[in-house]
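Here the structure comes first, spelled out in structure tokens, and everything after it is commentary.
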Amino acid sequence: MHKIDLSNFMLTNIITVNRINNTTVKTQKRVNRKMCALAFKAAGRTVYQNETGSYVSDPNHVVLLLKGTSYVVNFETFGYCIMIEFECNPDFNEQCITSFYIKNSTILPNLFLSIEKEWTFKKVAYKKIAFQLYTKY
């Protein structure tokens, strides 16, 4: 697995927040991701694979997908994901995937659900909630 140095990483602008419902077990290929994304699989299990390894996204793992990365997505079980797509500082040019284990998986779902709800209803408050996510974790 590729180790990523996030010490110079800065989220600069949230582009979109989506709930992705997975109702079929399937595999998809993604080439040259256009923007960064943070994916939280609130229900189900998805595995992202590229040349550096396999990265789990489930209720106990959040996946960071960086701009320019190519990968295969294996939707292994039914469920849904909340994906936050965003821009980061332009001098950060890593192209990889990483998965973070979440020790206390009761806090993170609420944060992601709050961000999705605020984004869906087009309130400005989502930036405040997203900033809390960025600064706490």
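The values are calculated or read from the model by the stated rules, or taken from the named source; none is laboratory data. All values derive from a computational prediction rather than experimental measurement. Using ideal geometry, Cβ is built from the backbone for each residue, glycine included, and neighbour counts are taken over all protein chains shown.
Annotations
- Whichever residue in the stretch 67-101 is under 19 Å from Thr16 (Cα atoms) and without any contact (Cβ under 8 Å) to a residue 40 or more places away in the chain and, among such residues, is farthest from the chain's Cα centre (by Cα): Pro90
The rows are residues; the columns are (1) among the charged types (D, E, K, R); (2) in contact with a Leu (Cβ under 7 Å, 6 or more places away or on another chain); (3) not in a loop (DSSP other than H, G, I, E, B).
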{"residue": "Thr16", "(1), (2), (3)": "no, no, yes"}
{"residue": "Lys29", "(1), (2), (3)": "yes, no, yes"}
{"residue": "Phe40", "(1), (2), (3)": "no, yes, yes"}
{"residue": "Val47", "(1), (2), (3)": "no, no, yes"}
{"residue": "Tyr55", "(1), (2), (3)": "no, no, yes"}
{"residue": "Gly68", "(1), (2), (3)": "no, no, no"}
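- Condition broken by Phe92, with the remaining ones in (1) part of a helix (DSSP H, G or I); (2) at pLDDT below 75 satisfied: (1)
- Selection from the stretch 70-82 of residues that are in contact with a strand residue (DSSP E or B) (Cβ under 7 Å, 6 or more places away or on another chain) and part of a loop (DSSP other than H, G, I, E, B): Ser70, Glu76, Phe78
- Residue count, the stretch 102-137 (criterion: over 15 Å from the mean Cα position of the chain (by Cα), aliphatic (A, V, I, L, M) and at pLDDT 65 or above): 1
- For Glu85, the stated conditions do not hold, so it cannot be described as in contact with a strand residue (DSSP E or B) (Cβ under 8 Å, 6 or more places away or on another chain), part of a helix (DSSP H, G or I) and either modelled with pLDDT of 90 or more or surrounded by 19 or more Cβ atoms within 10 Å (Cβ to Cβ) (or both).
- Of all the residues in the stretch 23-53, those that are under 15 Å from the mean Cα position of the chain (by Cα) and either under 20 Å from Cys96 (Cα atoms) or surrounded by 17 or more Cβ atoms within 10 Å (Cβ to Cβ) (or both) number 17.
- Residue check for Asp58: acidic (Asp, Glu), in contact with a Lys or Arg (Cβ under 6 Å, 6 or more places away or on another chain) and at pLDDT below 95: yes
- The stretch 54-65 - residue that is farther than 12 Å from Cys81 by Cα and within 9 Å of the chain's Cα centre (by Cα) and, of those, surrounded by the fewest Cβ atoms within 10 Å (Cβ to Cβ): Leu64
- Of the listed requirements (1) assigned to a strand (DSSP E or B); (2) among the hydroxyl-bearing types (Ser, Thr, Tyr); (3) over 14 Å from Phe112 (Cβ atoms); (4) modelled with pLDDT of 90 or more, Thr98 misses just one: (4).
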